[in-house]
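Let me begin by presenting the structure, written as structure tokens, before commenting on it.
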Amino acid sequence: MSECAHCGIEDDRSGGIVVGKPQEGDDTTCNVCLADWLSQNTVLSRRESEVAALKLIGYKHETIAELMQSFHGEEKPTKSTVDEYSRRMKDKLEKSVATVNALEKFL
Ligand SMILES: [Zn+2]
């Protein structure tokens, strides 16, 4: 079993915590540390960052909903809420790319 390179935690699916690698060669990270990083360093909201972290580690929307429910101890989010967060992230991604393209000559 692998542990998070940042906080040392191990997989605890019943507590909504999973450990994995976003990409080949990346540090092993838990979804909580990755969500913290995304929330602080990207335009994503806190909840969007939680969804993004689990997507990056390789989970599908249905499992993401289950893990987030376990983590927060609530009935939400449902899969359709995770779908909605995912749509909002895609929108932010497209706007971010458009911003870079529009302002590229000033960078
Ligand atoms: Zn961690």
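Output the helices (runs of 4 or more DSSP H) that fall wholly within the stretch 1-104 and possess 2 or more residues being within 16 Å of the ligand (Cβ to nearest atom) and of a type in the set (A, V, I, L, M, F, W, C), or say none.
Details: elements: 31-41, 46-57, 61-72, 79-103.
Output list reads 31-41, 46-57, 61-72.
Within the stretch 90-106, identify whether any single residue is among the aliphatic types (A, V, I, L, M) and closer than 18 Å to residue 18 by Cβ, and answer yes or no. Lay out the reasoning, then the answer.
Initial filter on the stretch 90-106 (among the aliphatic types (A, V, I, L, M)): 93, 97-98, 100, 102-103.
Okay, now just the ones that are also closer than 18 Å to residue 18 by Cβ, so none.
Scanning the stretch 90-106 turns up no residue that is among the aliphatic types (A, V, I, L, M) and closer than 18 Å to residue 18 by Cβ.
Does any residue of the stretch 69-86 turn out to be without any contact (Cβ under 8 Å) to a residue 40 or more places away in the chain, surrounded by fewer than 19 Cβ atoms within 10 Å (Cβ to Cβ) and among the basic types (Lys, Arg)?
Yes; the residues of the stretch 69-86 include at least one that is without any contact (Cβ under 8 Å) to a residue 40 or more places away in the chain, surrounded by fewer than 19 Cβ atoms within 10 Å (Cβ to Cβ) and among the basic types (Lys, Arg).
Given (1) under 24 Å from residue 94 (Cβ atoms); (2) in contact with a strand residue (DSSP E or B) (Cβ under 7 Å, 6 or more places away or on another chain), where does residue 45 come up short, assuming only one miss?
The one condition residue 45 does not meet is (2).
Quick note: the coordinates plus some simple rules give every number you see, no bench work behind them. None of these values were measured; they are calculated from a predicted model. A quick note on method: Cβ atoms are made from the backbone with ideal geometry, for glycine too, and the neighbour counts reach across all protein chains shown.
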